[in-house]
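Structure in structure tokens, see below.
The values are calculated or read from the model by the stated rules, or taken from the named source; none is laboratory data. Just so it is clear, the model here is predicted, and its values are computed rather than measured. In this analysis, Cβ positions are derived from the backbone assuming ideal geometry, glycine residues included, and neighbour counts consider all displayed protein chains. Each accessible area value is taken on the protein alone, full model and side chains, heavy atoms only, with ligands, DNA and RNA left out. Shrake-Rupley method; radii C 1.70, N 1.55, O 1.52, S 1.80 Å.
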Amino acid sequence: MHRIGLDFEKLKYPHNGLYTFCLQLGQRLLSLQQQDEQLLYYMPASFAAFNGRFETIPYKWYDRYAFHPPKMDVFHAVHQTGNVWPRKQAKRTVVTIHDLNFLIDDRLKNWQKKYHLKQLQNQVDEADVIVSISKFTLNAIREHIRVPDSKCQIVYQGSEVKQFPGFDAPAYKPQKPFLFSIGMLTPKKNFHVLPSLLVGNDYELIIAGRQQGDYIKKIEAAAAELGVSNRLKLVGGITDEEKYWYYSQCLAFLFPSLAEGFGAPVVEAMHFGKPVFLSDKTSLPEVGGAHAYYFRDFAPEAMQDVFAKGLQHFSSNDHTDAIKKHAMQFSWDANAKAYFELYRKLY
């Protein structure tokens, strides 16, 4: 029996990108395993969403100090910030690096960034395979970490939005055409530049996502300065039904993030054929490709110009089908298949 362990500790944090990654990968792997393969999921004992044949290694807070899982052929650390690393219990190991965003985190001092780089270098040195979720991330890894090309592989993240075509009752339902964005309310998401797109029109701006720190105050202050506070709606965490509704009903999707290893919400919006307006930073041009419009300057006038011209171009050219087709290449099924093929090469 070939035993494959995965670190799904991040299932502790719903409404988070890593939660979605663990949820989607974990479920799809179950449909791909063969009779001589056994999946071992390190995750909260209370998590009960997976259906299939697997063993649970219950998460305990003290595992970071003393972790003794069963012996396994392959262990996959699905994110580089995991707290457990059972190298002695696994014959081969895989690490997925989603981003190196800590390098541009202004809250960290230089010595802290160097410490994180050193820790990551140690993990990379011990791992057998390093997976990045985009070409951009792989290039960042090569720039800051010593790693041979023979260890590296790209597996694009998947994307999926559950469909609820009969749903029409979000907790907040706009009464006007609206613009939509979603993500944790943190400085790197750059949401505070978006209220400028409400100037000169009657749109509403819906931003969904849980608050982290006091960044929300900066978003609200930007709206107040422009006199558009009444049309900015920060709706907090939302359900799958509400996310479906906002994506399907919005006039356009906005994502001005400064640091993304992939940018799943972009692909989610494109599944609906929506025009997407993105920052031109990090991985976003790679994900949006030629089917997105890009903010290259966050000055209000520059953003307003890109937005107006983008909406005009979209309305004059029927690109809906092309946008949907572009999004379909980023699927969770393809993601899980690529990972299982990798595991099988290692045992």
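Please give the peptides 209-216, 151-158 ranked by average Cβ packing (other Cβ atoms within 10 Å per residue), highest first, as a rough proxy for protection.
Those peptides, ordered most packed to least, come out 151-158, 209-216.
Kindly state, to the nearest 0.05, the FRET efficiency for residue 88 paired with residue 60, given R0 = 22 Å and r defined as their beta-carbon distance.
FRET efficiency, residue 88 to residue 60: 0.75.
Averaged over all directions, how much area does the convex hull of the C-alpha atoms of the stretch 286-347 cover when projected, in nm²?
So the mean shadow area of the Cα hull is 6.1 nm².
If you take the square roots of the eigenvalues of the alpha-carbon gyration tensor of the stretch 173-312 and sort them as a ≥ b ≥ c, do you get rounded (a/c under 1.5), prolate (a/b over b/c) or oblate?
The shape class here is rounded.
Over the alpha carbons of the stretch 1-153, what is the largest minus smallest coordinate on each principal axis, giving the biggest first in Å?
For the stretch 1-153, the Cα extents along the three principal axes come out at 45, 33, 30 Å.
Quick one: grab Rg to one decimal and Dmax as a whole number for the stretch 96-181, Cα atoms only, in Å.
Considering the stretch 96-181 through its Cα atoms, Rg and Dmax are 19.4, 55 Å.
More than 23 Å apart: what percent of Cα pairs in the stretch 159-240 qualify?
22 percent
For the stretch 231-347, rounded, prolate or oblate, judged on the Cα gyration tensor with a ≥ b ≥ c (square roots of eigenvalues), a/c < 1.5 rounded, else prolate if a/b > b/c?
prolate
Taking the mean number of other Cβ atoms within 10 Å as a proxy for protection, how do you rank 284-290, 312-318, 172-178 from highest to lowest?
In decreasing order of mean packing, 284-290, 312-318, 172-178 become 284-290, 172-178, 312-318.
Follow-up question, since we're still on this one. Counting only heavy atoms of the protein chains, get the accessible area per residue of the stretch 254-347 (1.4 Å probe) and round it to a whole Å² value.
Per residue, the stretch 254-347 has 42 Å² of solvent-accessible surface.
Quick check on the stretch 118-158: what are the equivalent-ellipsoid semi-axes from the Cα gyration tensor, as sqrt(5λ), descending, whole Å?
17, 11, 9
Then there is this: Treating the angle as unsigned and between 0 and 90°, give the value, to the nearest 10°, between the Cα long axis of helix 17-30 and the longest Cα principal axis of the chain.
Around 50 degrees separate the two axes.
Relative contact order for the stretch 199-269 using alpha-carbon pairs under 8 Å, separation at least 6, rounded to a whole percent?
RCO, the stretch 199-269: 33 percent.
Another question about this same structure. Using only Cα atoms and rounding to the nearest 10 degrees, what angle (0 to 90) does helix 300-316 make with the longest principal axis of the chain?
So the inclination is approximately 90 degrees.
Once amide H atoms are built 1.01 Å from N in the peptide plane, which residues 5 or more positions from residue 92, or in another chain, come under 5 Å H to H?
Amide H neighbours of residue 92: 74, 75.
How long are the three semi-axes of the equivalent ellipsoid for the chain, computed from the Cα gyration tensor as the root of 5 times each eigenvalue, in whole Å, largest first?
Equivalent ellipsoid semi-axes, largest first: 37, 22, 19 Å.
Quick one: which residues, 5+ away or cross-chain, put their amide H under 5 Å from the amide H of residue 252? H built at 1.01 Å from N.
Result for residue 252 returns 180.
Taking the Cβ of residue 112 as the centre, find all other residues whose Cβ is under 12 Å away and add up their charges (Lys, Arg: +1; Asp, Glu: -1).
+3
If you take the square roots of the eigenvalues of the alpha-carbon gyration tensor of the stretch 204-248 and sort them as a ≥ b ≥ c, do you get rounded (a/c under 1.5), prolate (a/b over b/c) or oblate?
oblate
Here is a further query. If we count every other residue with Cβ under 12 angstrom of residue 162's Cβ, Lys/Arg +1 and Asp/Glu -1, where does the sum land?
Value of the local net charge: -4.
What does the convex hull of the alpha-carbon atoms of the stretch 1-60 project to on average, in nm²?
Spelled out: convex hull of the Cα atoms, projected over all directions, averaged, 3.8 nm².
Something else: In whole angstrom, how far apart do the alpha carbon centroids of the stretch 256-335 and the stretch 12-84 sit?
With the stretch 256-335 and the stretch 12-84 each reduced to a Cα centre, they are spaced 32 Å.
Roughly how tilted is helix 215-226, in degrees to the nearest 10 and between 0 and 90, from the longest Cα axis of the chain?
10 degrees
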